[in-house]
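Below: one structure, written as structure tokens.
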Ligand code: SF4
């Protein structure tokens, strides 16, 4: 048994990590101490999914789509190392294989994606060159499509893959990685994020912009200036979604995040992480452990705290109803 105390939401929480809890997950379990856009989205989608990822830290198998996203992002980042006049389609496409090999050298387990029994369950573990070739070709298509949406010969990013972290007055730490930050000669800032999927339908655009407003809030708190424009570049469908935030937008996001963090803190202390089913359950890596689908989660690896008196909140009634 390992014990200690950790700060959660600005408060000290005593924890015990039980050696009897199952496997890898429990040996690494710890309370959350910061919030990123992805994990905030996880909690809003399903609190139990958040628990599996953040508290239990249950490993997830890499997927071909996510791995392709990593490779494409690396190409779009590194292309700017070349002089402006040399940032062309041919160079960018040729970088795909190089970035894949670079990633594979760091994470050799990714080779299993293309053994014939990785992506679709076929074969007996032999390397599937055709499958890998198709996957690389798709990555090259996505990279090429970017040139129809932006012109890298006319861009000089101020930052690429920028890690940002800010602590709000409440003590909540917000963090994330911004794909690209452009700064105009006038000083106006544009935050850019690349997506390898398709643009969402208009009714889901607010969800997509939540991540960008999160980054805008962090940059505002760090630098004192509200970014002028947020820009999502969808390589899958060839769309660009932009939004110009104002102070009211970002203050609203800050309030939402504080309410969200309060709900996460309460769930951490009480161990009450409720599953919330939805269309994305079909892609959930932890479905086999989910009670909604007949599974049993591993024992909760943190010490349960007595339930605190809960203040009424319009935003987060019992941790539910938090939407971007
Ligand atoms: S299967 Fe659905 S309800 Fe269950 S943990 Fe995953 S996202 Fe949540």
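The values are calculated or read from the model by the stated rules, or taken from the named source; none is laboratory data. Predicted model, so just to flag it, every value in this text is computed and none were measured. Note: ideal-geometry Cβ built from the backbone for every residue, glycine included; neighbour counts use all protein chains shown.
Miscellaneous remarks
- A search for C-beta distances below 6 Å between a residue of the stretch 295-315 that is farther than 20 Å from residue 262 by Cβ and any residue that is modelled with pLDDT of 60 or more and in a loop (DSSP other than H, G, I, E, B), counting only pairs 6+ apart in sequence or on different chains, returns 301/29.
- Residues being in contact with a helix residue (DSSP H, G or I) (Cβ under 9 Å, 6 or more places away or on another chain) and either more than 8 Å from the ligand (Cβ to nearest atom) or part of a helix (DSSP H, G or I) (or both) - total across the stretch 262-284: 12
- Of the residues screened, residue 25 is one that is within 16 Å of the ligand (Cβ to nearest atom), assigned to a helix (DSSP H, G or I) and modelled with pLDDT under 95.
- Counted residues, the stretch 64-83 - those being outside any helix (DSSP H, G or I) and either buried (at least 16 other Cβ atoms within 10 Å of the Cβ) or modelled with pLDDT under 95 (or both): 0
- Qualifying residue in the stretch 41-63 (condition: surrounded by fewer than 20 Cβ atoms within 10 Å (Cβ to Cβ), touching a strand residue (DSSP E or B) at 6+ places or on another chain (Cβ under 9 Å) and either in a helix (DSSP H, G or I) or at negative phi (or both)): no
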